[in-house]
Amino acid sequence: MIKKRYKDAISDFNKALEGYRKDQFKRGEFFTYNKISDCYREMNAMEEAAGYILKIINHPEFNAMPWTNKALMYDKLAFIYLKTRKYPKALEYFKTAQAHCPSNNLNLMKQIKANTAMALFFLHRTGEAQATAEEVIGDGNNMNAYRQRDAYYVVGLCYFEKKDFIKAKDRLTTAIITATRIDSAGAGNAHNFDVLADAKKRSALWNFKTIIRRNPIHCWKRVIRKSKRN
């Protein structure tokens, strides 16, 4: 049902594109490419999603158009590569996004840095990932719910990787609460679901690992008894 809704939206956007191309209205054309990419991303059709952002970035007039948010386009392309586990390519485009981001657009800069932190973590550059995510958190200013979710999620992942499960649980809990709030407001998407599911899974593992650490003999006795029953 949801996929059909996105497919219908893509069909409508393609009809709009015909008019924009006929009128040579580049701003409308770029806007529509962006929206089509969003639809494909939510359908998990990442190759198509990347293709439509590349139509914008590779357009010969892209750099000359002052109304084009270049930083956002590079960030969106990098995020698609992040979700398809092309982490080196994602990091490269996140850096390009940062280079194009206006210094006064603090919210977008924090978005790009939070995404960069995720790429660094999955490239096993845990220290850099944590430092970048904690920079996003900073004093809490100019950070909306999406940035808060992603930054705390990455810091939680880093502590989890370091086996500091108490701190990991604390940060992941903040990510879970924020992601749940986003869902409750009807603003959740596929990425929000991914963060929520992974943070909950790791929090559950934290509970088990904490039990083992505090009472390993008792825990393994329970495991052995259960295996014998099976």
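Of note, residue 178 does not satisfy the criterion of being open to solvent by 20 Å² or more (accessible area, probe 1.4 Å) and of a type outside the set (Gly, Ala, Ser). Checking the stretch 201-211 against the condition returns a match, with at least one residue being at pLDDT below 90, of a type in the set (Ser, Thr, Tyr), farther than 30 Å from residue 37 by Cα and surrounded by fewer than 22 Cβ atoms within 10 Å (Cβ to Cβ). Only one of the listed residues (71, 78, 97) is under 22 Å from residue 145 (Cα atoms) and in contact with a His (Cβ under 6 Å, 6 or more places away or on another chain). That residue is 71.
The values are calculated or read from the model by the stated rules, or taken from the named source; none is laboratory data. Because the structure is a prediction, the values reported are computed rather than measured. We place every Cβ from the backbone using ideal geometry, glycine too, and count neighbours over all the protein chains shown. Side chains are part of the model used for accessible areas, which takes the heavy atoms of the whole protein and leaves out ligands, DNA and RNA. Shrake-Rupley method; radii C 1.70, N 1.55, O 1.52, S 1.80 Å.
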